[in-house]
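Right, one structure below, let's go through it.
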Amino acid sequence: MKEFFQVTEPEALKSLAIPERVKILELFEDLEPRTAKQIATELGENAARLHYHVKELVRVGLLEQVDTRVKGSIVEKYYQPVAKVIQVKLQLMIEENAQQLSDIMFTPFRTTERDLMRTLNRFVASDVDVRKEYKDTFAFNLTEFYLNQEERNQLVDEISELLQKYKGLKNENGRRKFKFFDVLFPLTPPDPAEDEGDAFEDSDE
């Protein structure tokens, strides 16, 4: 498996705007090969429908078959992403289709929101004993800062290096699966029209 792969083909870009395919790629954070059936089971999806998405990811070059194992009369095909880190060239998306850029950028937001809501709902509905499982598990960061291009690149490199340190850890020794999602983007000055409207008045009348 390669360390990095940059998406340049339009068909591959379209796959990154489909939530089911993004979830499939996210599942391989442990870097372990899986069959289409195993992927469907872990994601709780219909096997036939999931297999279609796996084949499409292989077709556009984001997944690859890495092994074949024969068990009796059954031939099992094992798949992995083409690289540990799959990157998208934003300039290419902008040139191809602005709407496609929006779809691809927001798909991880939507899948992450669903995962977070599922965890929070379980937490809220659980009893005290079950809630102990969640102690020291949640983390949240939101910040804004000024960076030049060199500092921006250094920040991205440092975050990538840190993630790689933990990405190869196996599901063992009491570890549980976490999801980490971050996005870095330049802020555009607010549109004055957004601030238009009735002025707030604090009146005792």
Across region 32-46, what is the number of residues that are surrounded by 13 or more Cβ atoms within 10 Å (Cβ to Cβ), more than 16 Å from GLU3 (Cα to Cα) and not basic (Lys, Arg)?
-> 9
For region 12-36, enumerate the residues that are under 23 Å from GLY168 (Cα atoms) and basic (Lys, Arg).
-> ARG21, LYS23, ARG34
Taking the residues in region 147-170 that are surrounded by 10 or more Cβ atoms within 10 Å (Cβ to Cβ) and either within 21 Å of THR137 (Cβ to Cβ) or among the basic types (Lys, Arg) (or both) as candidates, determine which candidate is modelled with the lowest pLDDT.
-> GLY168
Among the residues of region 98-123, which ones are of a type in the set (S, T, N, Q) and either buried (at least 16 other Cβ atoms within 10 Å of the Cβ) or at pLDDT 80 or above (or both)?
-> GLN100, THR107, THR111, THR112, THR119, ASN121
Any pair with Cβ under 6 angstrom, 6 or more apart, that starts in region 118-129 at a residue that is without any contact (Cβ under 8 Å) to a residue 40 or more places away in the chain and ends at one that is surrounded by 10 or more Cβ atoms within 10 Å (Cβ to Cβ) | PHE123/TYR134
Picked from region 60-97 (must be acidic (Asp, Glu) and farther than 22 Å from GLY168 by Cα), the residue modelled with the highest pLDDT is GLU76
Failed item in (1) without any contact (Cβ under 8 Å) to a residue 12 or more places away in the chain; (2) more than 21 Å from LYS77 (Cβ to Cβ); (3) not aromatic (Phe, Trp, Tyr), with GLN38 passing the rest = (2)
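The values are calculated or read from the model by the stated rules, or taken from the named source; none is laboratory data. Since this is a predicted model, take the numbers as computed values, not measurements. Neighbour counts run over all protein chains shown; Cβ positions are idealised from the backbone, glycine included.
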